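Quick notes on the structure that follows.
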């Protein structure tokens, strides 16, 4: 059976919708007040995503979410479909250059600083020894069929199965190895609306953003629950700081000294993902469909 990779934005979903999902995040649990105040809802006219506050007025999300031109974010809320939380206008958004083929990340600049404390981004040292288990948090759908509505925040612990993204056919060859990793599956997974949300890894100073939800590996009739592809957040820190002029908070390494700064530079990659895989890549965003065939590696 051919695999289809779906980007996890949630289309046609408004803040007025109510939660009617059967189980949280697809195999996860609901969150409590104060657990993840920095995980935000990123709302556009034609869709909803998740994101993480990484500076007082800056949110990290997916590139395909930034491309939606979001107009508002809701910070420190357990349910963005209900009153509460801090709603802040978006003044501009940036998608990573050629995000479809490289790093599917973007940043959203806010009209004023949020009250919540920004989350640190993990350093390259954490990426080289990616934990066997990470925690995903987001406002996405909760059904493996990608059906129903949800505006509540959920979390789940999932296993990392391809830390260098060299085995899954959906990995972007231009940034492989080490630009992405795959995690989840067996019924526990991100889903539509979790796009741009964080994959947290535990560090000496607490949880830090290791990955960003990008896309999922779908089976016929089951777009969610099969595992997904996550962009390494440490790889895009230099681009974020250059683009926005913000200095981001970084989490310390387990070693006495942090890895050299060069390890955090954006890395190009070889064609190391599975070659010749017949794979369609689809971004579910209003007005257009991002669809391409993965070309085989050049000889």
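The values are calculated or read from the model by the stated rules, or taken from the named source; none is laboratory data. Predicted model, so just to flag it, every value in this text is computed and none were measured. Note that each Cβ is placed from the backbone with ideal geometry, even for glycine, and that neighbours are counted across all protein chains shown.
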Residue 241 - would you say it is over 17 Å from the mean Cα position of the chain (by Cα), in a helix (DSSP H, G or I) and farther than 15 Å from residue 61 by Cβ? yes
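So if I check each of 216, 193, which one is in contact (Cβ under 8 Å) with a residue 24 or more places away in the chain and part of a loop (DSSP other than H, G, I, E, B)?
Working: 216 fails: part of a loop (DSSP other than H, G, I, E, B).
Of the residues listed, the single one that is in contact (Cβ under 8 Å) with a residue 24 or more places away in the chain and part of a loop (DSSP other than H, G, I, E, B) is 193.
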Output yes when any residue across segment 79-86 is at negative phi, at pLDDT 95 or above and either assigned to a loop (DSSP other than H, G, I, E, B) or more than 18 Å from the chain's Cα centre (by Cα) (or both), and no when none is. yes
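Take the conditions part of a loop (DSSP other than H, G, I, E, B) and surrounded by 19 or more Cβ atoms within 10 Å (Cβ to Cβ) and apply them to residue 144. Does it pass?
On the way: part of a loop (DSSP other than H, G, I, E, B): yes; surrounded by 19 or more Cβ atoms within 10 Å (Cβ to Cβ): yes.
When the stated conditions are applied, residue 144 passes them.
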Only residues that are modelled with pLDDT under 90 and either part of a strand (DSSP E or B) or touching a helix residue (DSSP H, G or I) at 6+ places or on another chain (Cβ under 7 Å) (or both): list them for segment 219-231, please. 219, 222
Part of a strand (DSSP E or B) and farther than 13 Å from residue 40 by Cβ - does that describe any residue in segment 112-127? yes
